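K.L.:
Quick one: the structure is below, questions incoming.
The values are calculated or read from the model by the stated rules, or taken from the named source; none is laboratory data. Not measured: the values here are computed from a predicted model. Backbone-built Cβ (ideal geometry, glycine too); neighbour counts: all protein chains shown.
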Amino acid sequence: KDDGFYRIEKNFFRSVNDPMAANMYGLSHSSSTLNSKAIDMLGYFGFTSNGHYSRFSGNTPLTCDIFGVKYILDSEGSTTSTITSADDISVTENLDALPIGFLASGKVSALELSEYDVFDNQDNLLNALTGGYREFFKIFTADGIPYAENCIKGSFEKQHIGFTNPTGEASVTYTITVPDSGEVYMYLPTDYEREASLYVNGEYKGICFESDNHNIKDLGSFEKGEEVEIKLVLRRSDLYFREPQFAVYNEEAEKSAIAKLWEKNSETKVEKLSQTDIRFTVNASANDVLFTTIPAEKGWTVYVDGNAVEYGTALNDALMTVELTEGEHIVEFKFFAAGLGTGIILTVCGILIFVGMILLYLKIKKPVRLTAIKNNASDIDKTDSDDIINISDTEQTEAAFPEETAAEGKDDNTE
């Protein structure tokens, strides 16, 4: 059992809110109130992100390490349909996963992410965190122009290539020559998603675009100089994307950079005090910042050595950072939902007003008290009771017909 504070994700899904349903901390989530900057940022790294949700699809070893995904669950297929028991799920521990917050070079605070260049963004992020420069993804292009079968290739707006007017089974085929041995990834940037089937050397690799499938695709592991055929079969009447991006993952370089960050954070301690309170104990060097993978949201208050400070942001204002002076520090993050305090005050005021109105009503509108008197028949003088009844009847008549009673009085006086 691992009692640490980390993220868990999986490469199969039932819905994007599976981590919440399974009581896990993950990157997949859907909410109409989710921070749009955090969603966009994940998309800039090649994850699935769209509107109000994000998904783990499109992950790479580099993004898993930086975003602290310590355990990854796998199963046959991309859905839960083939899972009948826990034995159908395998778990991989990512020993390089960084904590949710760690010391890094202050250069990361100035890093801006590109909307389309997902592999450049990953390279630039890890280099900004370490303060160095290495190539973690060797980016390359396809060999020549694509072969368009049973469709027309043409230029489209915003630097997109269009494939339209299909007849029969229309497809687009790229050939690539792998520059280095390793895992090869592909990303097809687009603003106009149209569903297509992906085949690599004739093997079906799933869907591109739409239905949560616009993300980095893992094409497989290949040797240097190996030729690979990538085929996209149109499933609609058209297909649009910008110039395809291909990249080979440099595992040695990436692991070396992550090891450097772990060395810098050899004394860093992360404690989850509650669901809304996280504490970091760090020993910072000059020009270090505490970089976190916590989305910047209204409601966070940051304390450094007990004093409230303004936190910074990084990666297009999506994540929180804290500038630190050299030396040991205790940094605490506390969250209180924006608007919750006002809501509590208004609720209490409403209850007090309601109770006050009830008390005021009871004070003005005094209830009539009815008293039942029990008497024995032997205690009642019949003569007296008849007089009482007669008097009572007269009073009721006068009350009901005051004008007639008054007129009768005048007649008596006249006589």
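K.L.:
Within the stretch 4-37, track down each residue that is part of a loop (DSSP other than H, G, I, E, B) and closer than 22 Å to Glu76 by Cα.
P.N.:
Asn11, Phe12, Arg14, Ser15, Val16, Asn17, Ala22, Met24, Gly26, Leu27, Ser28
K.L.:
Moving on. Quick one: in the stretch 331-353, of everything that is of a type in the set (Val, Ile, Thr) and under 27 Å from the mean Cα position of the chain (by Cα), which residue is nearest to Glu267 (Cα to Cα)?
P.N.:
Among those residues, the one meeting the criterion is Val331.
K.L.:
Being of a type in the set (Gly, Ala, Ser), in contact with a helix residue (DSSP H, G or I) (Cβ under 9 Å, 6 or more places away or on another chain), loosely packed, with under 14 Cβ neighbours inside 10 Å and closer than 18 Å to Gly312 by Cβ is true for just one of Ala110, Ala104, Ala128. Which residue is that?
P.N.:
Testing whether each residue is of a type in the set (Gly, Ala, Ser), in contact with a helix residue (DSSP H, G or I) (Cβ under 9 Å, 6 or more places away or on another chain), loosely packed, with under 14 Cβ neighbours inside 10 Å and closer than 18 Å to Gly312 by Cβ leaves just Ala110.
K.L.:
Mind checking which pairs have a first residue in the stretch 194-213 that is farther than 12 Å from Leu234 by Cβ and a second that is buried (at least 16 other Cβ atoms within 10 Å of the Cβ) and among the aromatic types (Phe, Trp, Tyr), Cβ under 8 Å, 6 or more apart or different chains?
P.N.:
Close Cβ pairs satisfying both conditions: Lys205/Tyr199.
K.L.:
List, please: which pairs have Cβ atoms under 6 Å, are six or more places apart or on different chains, and start with a residue in the stretch 93-120 that is within 19 Å of Met320 (Cα to Cα) and end with one that is in a strand (DSSP E or B) and acidic (Asp, Glu)?
P.N.:
Leu103/Asp288
K.L.:
Name the residue that is surrounded by the fewest Cβ atoms within 10 Å (Cβ to Cβ), counting only residues in the stretch 18-48 that are closer than 18 Å to Tyr71 by Cβ and polar (S, T, N, Q).
P.N.:
Asn23
K.L.:
Sticking with this one: Within the stretch 78-89, can one find any residue that is over 24 Å from Ala318 (Cα atoms) and modelled with pLDDT of 80 or more?
P.N.:
Yes: one or more hits.
K.L.:
Could I ask something else about it? For the stretch 49-93, which residues satisfy the criterion of being polar (S, T, N, Q) and crowded, with 19+ Cβ neighbours inside 10 Å?
P.N.:
Ser49, Ser54, Ser57, Asn59, Thr60, Thr63
K.L.:
Right, next: Go through the stretch 30-60 and give me each residue that's within 12 Å of Phe119 (Cα to Cα), touching a helix residue (DSSP H, G or I) at 6+ places or on another chain (Cβ under 9 Å) and touching a residue at least 40 places away in the same chain (Cβ under 8 Å).
P.N.:
Tyr44, Phe45, Gly46, Phe47, Gly58, Thr60
K.L.:
Identify, please: which residue in the stretch 141-155 is buried (at least 17 other Cβ atoms within 10 Å of the Cβ) and not charged (D, E, K, R) and is, among those, farthest from Leu232 (Cα to Cα)?
P.N.:
The residue in question is Ala142.
K.L.:
Within the stretch 93-109, is there a residue that is within 26 Å of Met186 (Cβ to Cβ), under 15 Å from the mean Cα position of the chain (by Cα) and not in a strand (DSSP E or B)?
P.N.:
no
K.L.:
Also, I was wondering about something else. When the stretch 38-83 is examined, which residues are found to be out of contact with any Leu (no Cβ under 7 Å at 6 or more places or on another chain), farther than 28 Å from Phe136 by Cα and assigned to a loop (DSSP other than H, G, I, E, B)?
P.N.:
The answer is Gly51, Glu76, Gly77, Thr80, Ser81, Thr82, Ile83.
K.L.:
Report, by residue number, each residue of the stretch 156-176 that is among the small types (Gly, Ala, Ser), surrounded by 13 or more Cβ atoms within 10 Å (Cβ to Cβ) and out of contact with any Lys or Arg (no Cβ under 6 Å at 6 or more places or on another chain).
P.N.:
Those that are among the small types (Gly, Ala, Ser), surrounded by 13 or more Cβ atoms within 10 Å (Cβ to Cβ) and out of contact with any Lys or Arg (no Cβ under 6 Å at 6 or more places or on another chain): Gly162, Ala170.
K.L.:
Okay, moving on. What's the number of the condition Leu261 fails, among (1) in a loop (DSSP other than H, G, I, E, B); (2) in contact with a Ser or Thr (Cβ under 7 Å, 6 or more places away or on another chain); (3) surrounded by 13 or more Cβ atoms within 10 Å (Cβ to Cβ)?
P.N.:
All conditions are met except number (1).
K.L.:
If you go through the stretch 14-22 one residue at a time, do you hit one that is among the polar types (S, T, N, Q) and modelled with pLDDT of 85 or more?
P.N.:
Looking through the stretch 14-22, none of the residues is among the polar types (S, T, N, Q) and modelled with pLDDT of 85 or more.
K.L.:
May I ask you to verify whether Lys217 is basic (Lys, Arg) and more than 30 Å from Ser109 (Cα to Cα)?
P.N.:
No: the conditions fail for Lys217.
K.L.:
Moving on. With respect to Lys70, determine if the residue is touching a strand residue (DSSP E or B) at 6+ places or on another chain (Cβ under 8 Å), over 21 Å from Thr48 (Cα atoms) and of a type in the set (Lys, Arg).
P.N.:
No; evaluated as a whole, the condition is false for this residue.
K.L.:
Tell me, which residue of the stretch 1-17 that is more than 20 Å from Ile39 (Cα to Cα) and not hydrophobic (A, V, I, L, M, F, W, C) is surrounded by the fewest Cβ atoms within 10 Å (Cβ to Cβ)?
P.N.:
This residue is Lys1.
K.L.:
For the stretch 296-336, please list each of the strands (runs of 3 or more DSSP E) lying entirely inside it that holds at least 3 residues being in contact (Cβ under 8 Å) with a residue 12 or more places away in the chain.
P.N.:
Passing ranges, in order: 300-304, 312-314, 319-323, 327-335.
K.L.:
Determine whether Glu254 is surrounded by 19 or more Cβ atoms within 10 Å (Cβ to Cβ), at negative phi, within 30 Å of the chain's Cα centre (by Cα) and not hydrophobic (A, V, I, L, M, F, W, C).
P.N.:
Considered against the rule, which asks whether it is surrounded by 19 or more Cβ atoms within 10 Å (Cβ to Cβ), at negative phi, within 30 Å of the chain's Cα centre (by Cα) and not hydrophobic (A, V, I, L, M, F, W, C), Glu254 comes out as yes.
K.L.:
Go through the stretch 154-190 and give me each residue that's in contact with a Pro (Cβ under 7 Å, 6 or more places away or on another chain), more than 13 Å from Thr141 (Cα to Cα) and of a type outside the set (Val, Ile, Thr).
P.N.:
none
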